[in-house]
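All of the numbers you see were taken from the coordinates with simple rules; none came from a lab. Worth saying up front: this structure is predicted, and the values here are computed from it rather than measured. Cβ: placed from backbone, ideal geometry, glycine included. Neighbour counts: every protein chain shown.
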Amino acid sequence: MTVPILNPILVEIVAGTLASVEAEVETAIGRTARSPMIRDAHDFRVGIHDVRMRKLTGRSYSALVQPVVRDYPIDTMVPGDVFFHNDVYLSEGGIGHLPDLCVTVPVFHRVDGRDEVVAFVQAFGHHDDIGGTVPGSMPSHATSVFEEGLMVPPIRLWAAGEPNEAALKIMTRNSRMPESLSADLDAECSACLMGARRIADLFERYGRDDVESAFEAILRATTEAYRTELLVKIPDGEYVWEDYAEHDGVDPPRLHAQRITLTKLSAGDGVTDARIVLDFTGTSPQARGPINHCADYSDGVFLAKWLAPVLRNLADDPARMAELNANEGVVPLIEMRFPPKGTLLTPVFPAPTNARTFVILRLLGVLAGVLAKATGGRMPADQETIRYTGVYGTDPAGRPYLMREVLGGGSGGRPYADGEDTVHVVPDSRNLPTEFSEARFPFIVERLGLALDSGGPGRYRGGLGYDKYIRMLVDAHFMSIADRSILACWGVAGGRAGRPFEVVIDPGGPRERVVDALADAEPVRAGEIIRIRTTGGGGWGDPLTRPVDEVVRDVRWRKVSVEGARRDYGVVLTGSGDADSLAVDECATAAERVRRALDPAGDLLFDRGPGYARLSGGEPAAVVDHR
């Protein structure tokens with residue numbers, strides 16, 4: 001029998017339609033949501049999945065359909081149904097903390113007079129407040145998930161087009177921001193229903209068989225690209241590396257390890273049957289505080305798709321890297337092996353999880369680090385591109401308010417280029433616009449710029465973090481959920497670590513104080529400034545090999561100070577960076593660089609910065625940091 005050949009033009013049409021619908025749903029949510037976190041910061045994601053619950057789009061991560069189908073079998077679904085959940089422990093690993101609310105809509109195609117589920121459209125995002133002990137539902141000192149807010153297992157929020165008013169009342173009643181929560185849910189449900197109609201149109205136009213065949217072709221293309229273009233760059237063998245969260249909000253700061261043993265397997269040529277095994281044995285026990293992440297569900301499929309984009313750094317060039325999606329096609333290539341229950345990645349209910357970004361973000365860096373060991377350092381340095389900061393209280397009119405912001409940081413230097421400044425790990429997410437913030441909240445943004453000298457020194461410098469000054473107009477409380485305030489973003493292949501996160505209230509004033517990176521309710525007086533400096537990315541390569549003219553350019557652009565040029569790069573400057581008098585003392589620079597070159601880093605592949613010794617008992621580096 002002759003197997004029909006799928007029209008490649010149809011595959012492109014289907015792939016383009018999926019991408020277009022994903023973007024349209026996200027645009028609709030962004031335009032109709034009410035909360036600043038969703039509407040302005042864009043901290044949400046949309047995904048399209050086939051009837052087998054496989055993610056078809058790959059521009060970004062998304063939650064999972066598995067928990068919905070587990071509790072509501074596909075044959076019980078009807079057109080107009082909308083499903084909702086946020087329960088971390090019942091999400092199959094797709095939801096990391098309770099403020100991430102997930103809406104799932106099945107797509108139907110009519111066959112022989114009956115409606116059949118053929119796909120799913122899903123949105124999940126970080127919402128303002130879902131209850132719990134502190135505004136924002138992220139208590140930094142929580143010791144139980146019951147302190148973190150309302151847990152909702154998968155429910156049918158809309159039944160055949162009719163909203164479940166009782167469930168909506170319960171959820172909004174438990175939120176400190178009920179109006180924005182209600183509006184956000186309306187926006188997400190309506191947008192996903194619209195997306196489901198668009199996907200249904202695709203099936204109606206081309207037929208179920210051809211569209212599902214195109215889905216298979218899209219996933220196979222991803223599998224083949226990752227296997228032949230990326231995994232081939234990893235020599236067969238076993239590689240080990242680990243990194244750390246620095247505190248959990250409850251116990252004193254210490255090293256909370258996340259370890260990956262990567263094994264590359266193939267038939268011997270590096271490509272045939274190539275796959276990787278990620279073994280997390282050696283990860284620290286679950287924390288008492290909220291930095292745990294439920295990863296060991298559904299065979300770790302969420303975490304596999306979360307980590308897979310790191311592999312794109314192995315592409316031949318940045319252009320090809322940008323073309324590679326991370327849809328379900330990556331899953332057959334990555335075997336996940338978890339330690340027994342009771343670790344940071346396998347917590348036991350009801351361990352708290354609201355600050356799980358400390359773990360899942362760090363795992364991106366751990367995978368990059370273990371790949372750096374496998375490839376001789378040909379991976380980017382580290383970055384920490386998400387943390388939550390904010391203020392809350394009562395405005396001059398007596399109304400309660402809550403402002404939270406997801407501030408990015410500098411990305412790591414790369415083997416071919418500097419890191420990017422102030423990037424955010426969630427695609428298209430951004431800091432809150434100053435004009436909006438000042439109009440809605442009782443403070444003034446006195447500065448929003450780049451944090452001088454924050455990027456890790458290297459042949460390719462790490463990107464810079466934010467430098468933000470907020471002056472409060474009323475008494476308030478400051479909150480922060482942030483890591484990397486002690487342990488810096490590491491440099492690689494001779495590059496140095498970036499500068500850690502820091503918050504200072506009333507800098508230069510009579511009540512100047514450094515605020516802990518995990519804070520729920522730090523008092524701030526009217527008139528005081530909150531200075532927030534986010535992390536700089538690690539550097540790549542020996543900073544003494546950075547061309548002098550690039551260092552001078554950085555000084556002119558106010559990315560590196562005159563002092564930093566000498567301290568970090570061995571470049572001696574005269575004059576001022578604020579004037580045309582800036583010049584290079586070539587003799588002094590040559591002598592300084594020769595002197596520095598006499599003190600090599602030995603066989604260390606990574607530089608963790610000075611904070612590591614503070615938590616390691618004085619050790620400057622970990623055993624796994626050597627080449």
- Note on the structure: Expressed in angstrom and rounded, the centroid-to-centroid distance over alpha carbons for the range 236-290 and the range 133-153 is 27
- the range 453-463 - phi-based ³J(HN,Hα) in whole Hz, Karplus 6.51/-1.76/1.60, Gly and Pro as x: 6, 7, x, x, x, x, 3, 10, 5, x, x
- Query: So for the range 177-221, taking the charge dipole from beta-carbon charges (+1 Lys/Arg, -1 Asp/Glu), which of Val211, Leu181, Met194 sits furthest toward the positive end?
  - Reply: Val211
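Is the shape of the range 58-172 rounded, prolate or oblate, going by the alpha carbon gyration tensor and its root eigenvalues a ≥ b ≥ c, with a/c under 1.5 for rounded and a/b larger than b/c for prolate? Each step should come with its number before you reach the end.
Working: a/c = 2.62, a/b = 1.92, b/c = 1.36.
Note, shape of the range 58-172 comes out prolate.
For the chain, with only Lys/Arg (+1) and Asp/Glu (-1) charged at the beta-carbon, what is the dipole magnitude about the Cα centre, in debye rounded to 20?
Roughly 800 debye for the chain.
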- Message: Among Thr172, Phe124, Pro153, which residue has its Cα furthest toward the positive end of the charge dipole of the range 119-202, with +1 on Lys/Arg Cβ and -1 on Asp/Glu Cβ?
- Response: Pro153
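Indicate the gyration tensor shape class of the range 560-601 (rounded, prolate or oblate), computed on the Cα atoms with a ≥ b ≥ c the square roots of the eigenvalues: a/c under 1.5 is rounded; otherwise a/b larger than b/c is prolate and the rest oblate.
Numbers: a/c = 5.09, a/b = 1.92, b/c = 2.66.
Judged from the Cα gyration tensor, the range 560-601 comes out oblate (a/c at least 1.5, b/c at or above a/b).
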- Message: Tell me the mean residue ellipticity at 222 nm calculated for the chain from its helices only (DSSP H runs of n ≥ 4, each -39500 (n - 2.57), averaged over every residue, nearest 500).
- Response: -8000 deg cm²/dmol
- Task: Could you work out the relative contact order of the range 544-596, using alpha carbon pairs under 8 angstrom and six or more residues apart, expressed as a whole percent?
- Result: 30
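Under unit Cβ charges (Lys, Arg +1; Asp, Glu -1), what dipole magnitude, rounded to 20 debye, does the range 289-329 have relative to its Cα centre?
Numbers: 3 positive and 6 negative charges, 20 e Å.
Its charge dipole is roughly 100 debye.
Around Ala622, under 15 Å between beta carbons, what's the net of Lys plus Arg minus Asp minus Glu among the other residues? Walk me through the numbers before you get to the answer.
Details: positive: Arg254, Arg259, Arg362, Lys373, Arg608, Arg614, Arg627; negative: Glu242, Asp243, Glu246, Asp382, Asp603, Asp607, Glu619, Asp625.
In short, -1.
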- What is the set of long-range amide H partners of Val571 at a cut-off below 5 Å, with H atoms built 1.01 Å from backbone N? Arg566
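Please work out whether the chain counts as rounded, prolate or oblate from its C-alpha gyration tensor, where a ≥ b ≥ c are the square roots of the eigenvalues and a/c under 1.5 means rounded, while otherwise a/b larger than b/c means prolate and anything else oblate?
On the way: a/c = 1.80, a/b = 1.27, b/c = 1.42.
Oblate is the answer for the chain, as a/c is 1.5 or above yet b/c matches or exceeds a/b.
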- Contact order relative to length for the chain, counting C-alpha pairs under 8 Å separated by 6 or more residues, stands in percent at 11
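What's the local net charge at Val301, with K and R +1, D and E -1, over the other residues with C-beta under 10 Å away? Provide the component values of the computation, followed by the final result.
Details: positive: Arg54, Lys55, Lys305; negative: Glu92, Asp299, Glu328.
With Lys, Arg at +1 and Asp, Glu at -1, the neighbours total 0.
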- Please give the length that would be gained between Ala591 and Glu12 if that part of the chain were fully extended, namely 0.36 nm times their separation in residues minus their C-alpha to C-alpha distance (nm, one decimal). 202.6 nm
- Note down the net charge around Gly289, summing +1 for each Lys or Arg and -1 for each Asp or Glu among other residues with Cβ under 9 Å from its Cβ. -1
- Query: Can you list residues whose amide H is under 5 Å from Leu450's amide H, if they're 5+ apart or on another chain and H is modeled 1.01 Å from N?
  - Reply: Asp467
- Segment Lys169-Arg52, extension gain: residue separation times 0.36 nm, minus the distance between their alpha carbons: 38.9 nm
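For the pairs Lys233/Lys559; Lys305/Lys341; Lys55/Lys169, flag any whose C-alpha to C-alpha distance is greater than 28 Å. If you can, show how the numbers build up before the last one.
Details: Lys233/Lys559 34 Å; Lys305/Lys341 22 Å; Lys55/Lys169 32 Å.
Lys233/Lys559; Lys55/Lys169, as the Cα separations exceed 28 Å there.
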- What are the residues whose amide H is under 5 Å from the amide H of Gly462, where those residues sit 5 or more places off or on another chain and H is modelled from the backbone? Gly413, Gly419, Gly456, Gly539, Trp540
